[in-house]
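J.: Quick one: the structure is below, questions incoming.
The values are calculated or read from the model by the stated rules, or taken from the named source; none is laboratory data. Keep in mind that this is a model prediction, so the values were computed, not measured. Don't worry about glycine lacking a Cβ; one is built from the backbone with ideal geometry, like all the others, and counts go over all protein chains shown. Heavy atoms of the whole protein, side chains included, go into the accessibility calculation; ligands, DNA and RNA do not. Shrake-Rupley method; radii C 1.70, N 1.55, O 1.52, S 1.80 Å.
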Amino acid sequence: PVTTRFPPEPNGYLHIGHVKSIVLNFGLAREFGGRVHLRFDDTNPETEDVKYVEAMKRDIAWLGYQWDAEYYASDYFEKLYEFAERLVEAGKAYVGSQTEEKIRANRGTVTSPGTDSTYRGRTPEENLDLLRRMKAGEFPDGAHVLRARIDMAHPNMLMRDPLLMRIRHAAHYRRGNAWCLYPLYDFAHGPSDAFEGITRSLCTLEFKDNRDVYDWLVRALDVEPPPTQIEFARLELDYTVLSKRKLLRLVNEGHVRGWDDPRMPTISGIRRRGVTPEGLRAFAEAVGVARKPARTELAMFEHFVRDDLNMRVPRVMAVLNPLKVVLTNYPEDQVEALDASYYPHDVPLE
């Protein structure tokens, strides 16, 4: 069956940009009678928190969706480490000991090939010993990284020996201090999809170049049938900041009262404005799915909000400060009454 997943990183609240991805992943699963997995991409212990996990689950449920299974990338740390050892033993990965600046400088440019790391020639035995010592916590942050051994002249710069795992001596909100060797996004993404039997990995266009790394790792994992990554254009809304990092800054610097401040473009903030889940879903469905990046006018969002509220929110007109008027030619015993409808669509046509 068709199996999709929604994989947010729990480092902030979901915003209106995520609504498009949620509607797409959950909607496809419903349409084809498949499954959808909610998987939290919690591979960075320094920025993630359980409060964000709970907020995301609350927002998705409020939108009207229920996931078939709940997973965490941190559930796969053991499997990912075993996979890392397999890559090392097969000569497909090695432990590099260069600084981040050196790694970046050696990657080359779009017009010139990269330079092999001086540690690329380490034997599988050396790499395996270093990897196990990295896992055991013998080295400080940044001392070593695990890299895939692919091609330093590859036209896709992300394929030039990408980083797979790094040392981070930080407590994880779910795993505590059990791990100090954490997978990077590219290493966790494809294999996690494969572990769960995902058939379609739907990503936004900024991950288009990452697809080569995704496919390389899935092939190395040797699973059948392999998951397929497909990209779509993300939602870009006029005059709206759709970056969790920037929204976090607004929260931390006290410019807003929290992630659910009604001025925030988060799902929680939008909910407090009075917008309904039906209105948000209708907006996301109208935006549609395309490969070409495009901006959506704020007026379009407001149209779907008004269109939804127009049919469900009662309204009355009242005169708060009436002006007294004396009619001298109206019978004193005569009374006239007018019906005032709560909804515009209930007003009878003349």
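J.: When all alpha-carbon pairs of the stretch 24-78 are counted, what percent fall beyond 17 Å? Could the numbers behind the result be given before it?
T.: Values: 658 of 1485 pairs.
That tail contains 44 percent of the Cα-Cα pairs.
J.: Quote the FRET efficiency, to the nearest 0.05, computed for K79 versus E126 with a Förster distance R0 of 35 Å and r equal to the Cβ-Cβ distance. Display every interim value, and only then the final one.
T.: On the way: r = 24 Å, r/R0 = 0.68.
The calculated FRET efficiency here is 0.90.
J.: Using a simple spin-label model with points 7 Å from Cα along the Cα→Cβ vector, what separation in nm is obtained for A290 and V110?
T.: 2.3 nm
J.: Run the reach check for K51 against lysines, Cα to Cα strictly under 22 Å, same-chain hits fewer than 8 apart removed. What comes back?
T.: Within the straight-line limit of under 22 Å, K51 reaches these lysines: K244, K246.
J.: Using unit Cβ charges (K, R positive; D, E negative) and no other charged atoms, how large, in debye to the nearest 20, is the dipole of the chain about its Cα centre?
T.: Numbers: 48 positive and 53 negative charges, 184 e Å.
Charge dipole, the chain, about its Cα centre: 880 debye, nearest 20.
J.: Taking 8 Å as the Cα distance limit and 6 or more residues as the minimum spacing, I'd like the relative contact order of the chain as a percentage.
T.: Details: 542 pairs, mean separation 57.9, N = 350.
In percent, rounded to a whole number, it is 17.
J.: So, one more: Starting from the Cα gyration tensor of the stretch 129-233, take the square roots of the eigenvalues, sort them a ≥ b ≥ c, and report rounded, prolate or oblate (rounded when a/c is under 1.5, otherwise prolate if a/b is larger than b/c, else oblate). Could the numbers behind the result be given before it?
T.: Working: a/c = 1.99, a/b = 1.51, b/c = 1.32.
Prolate shape, in that a/c is at least 1.5 and a/b is the bigger ratio.
J.: Let me ask another. When averaged across all projection directions, what area in nm² does the alpha-carbon convex hull of the stretch 230-269 cover?
T.: On the way: hull surface 13.7 nm².
Averaging across all directions leaves 3.4 nm² for the Cα convex hull.
J.: At 4 °C and 1.567 mPa s, grab the translational diffusion coefficient of the stretch 202-350 from Stokes-Einstein with a Kirkwood Rh over Cα pairs, rounded to a whole number in µm² per second.
T.: Numbers: Rh = 20.9 Å.
Calculated translational D: 62 µm²/s.
J.: I'd like to know which of V275, F207, Y239 lies farthest towards the positive end of the charge dipole of the stretch 201-350, counting +1 on Cβ of Lys and Arg and -1 on Cβ of Asp and Glu.
T.: Checking the options against the dipole of the stretch 201-350, the answer is F207.
J.: Using only the alpha-carbon atoms, how far is helix 277-287 inclined from the longest principal axis of the chain? Give it as 0 to 90 degrees, nearest 10.
T.: So the helix axis and the longest Cα principal axis differ by about 70 degrees.
J.: Also, quick follow-up: Once the dipole of the stretch 1-127 is set up with Lys and Arg at +1 and Asp and Glu at -1 on Cβ about the Cα centre, which of F40, F83, L28 lies farthest towards its positive end?
T.: L28
J.: Show me, for the stretch 146-163, the HN-Hα J-couplings you get by feeding each phi into the Karplus relation (A = 6.51, B = -1.76, C = 1.60, θ = phi - 60°), rounded to Hz, glycine and proline as x.
T.: For the stretch 146-163, the Karplus curve yields 9, 10, 6, 9, 10, 6, 6, 10, 4, x, 8, 4, 5, 8, 7, 6, x, 6 Hz.
J.: Here's another thing I want to ask about it. Tell me, Kirkwood radius of the stretch 289-350 from alpha-carbon pair distances, in Å? Working shown, then result.
T.: Details: mean 1/r = 0.0593 Å⁻¹.
Evaluated over the stretch 289-350, this radius sits at 16.9 Å.
J.: Let me ask something else. Quick query: amide H of Y72 versus all other amide H atoms, modeled in the peptide plane; which residues come in under 5 Å with a sequence gap of 5 or more or a different chain?
T.: Amide H neighbours of Y72: F40.
J.: Also, I was wondering about something else. If the viscosity is 1.306 mPa s and the temperature 10 °C, what translational diffusion coefficient in µm²/s does Stokes-Einstein give for the stretch 163-207 when Rh comes from Kirkwood over Cα pairs? Don't skip to the end; give the middle numbers.
T.: Numbers: Rh = 12.3 Å.
The diffusion coefficient I find is 129 µm²/s.
J.: Using modelled backbone amide H atoms (1.01 Å from N, in-plane), which distant-in-sequence or interchain residues come within less than 5 Å of R5's amide H?
T.: For R5, whose amide H was placed from the backbone, the distant partners under 5 Å are H37, L202.
J.: Further question: Just for the Cα atoms in the chain, what are the lengths along the principal axes, largest first, rounded to whole Å?
T.: Principal extents (Cα only, largest first): 107, 43, 40 Å.
J.: At a 1.4 Å probe, what is the % contribution of carbon and sulfur to the accessible area of the chain? List each step's numbers first, then the result.
T.: On the way: 9790 of 19000 Å².
Here carbon and sulfur together make up 51 percent of the probe-accessible area.
J.: Additional query: So in the chain, what percent of DSSP beta bridges are antiparallel if you round to the nearest 5? Spell out each step's value before the answer.
T.: Values: 12 of 27 bridges.
So the antiparallel bridges in the chain amount to around 45 percent.
J.: What distance in nm separates the simple spin-label points at M157 and E101, each placed 7 Å from Cα in the Cβ direction?
T.: Using points 7 Å along Cα→Cβ, the separation is 1.8 nm.
J.: Quick check: the angle from helix 298-310's long axis to the longest principal axis of the chain, C-alpha only, nearest 10 degrees?
T.: Approximately 50 degrees, to the nearest 10.
J.: Give me the accessible area per residue for the chain, probe 1.4 Å, as a whole number in Å².
T.: On the way: 19000 Å² over 350 residues.
Accessible area per residue: 54 Å².
J.: Same structure, new question: What is the ratio of the Cα radius of gyration of the stretch 1-157 to 2.2 N^0.38 Å, with N the residue count, to two decimals? Please list the in-between numbers first.
T.: On the way: Rg = 19.8 Å, N = 157, 2.2 N^0.38 = 15.0 Å.
Cα Rg divided by the expected 2.2 N^0.38 Å: 1.32.
J.: How large is ³J(HN,Hα) for each residue in the stretch 100-105, as worked out from phi by the Karplus curve 6.51 cos²θ - 1.76 cosθ + 1.60 (θ = phi - 60°), to whole Hz, x for Gly and Pro?
T.: Coupling constants for the stretch 100-105: 4, 5, 5, 4, 5, 5 Hz.
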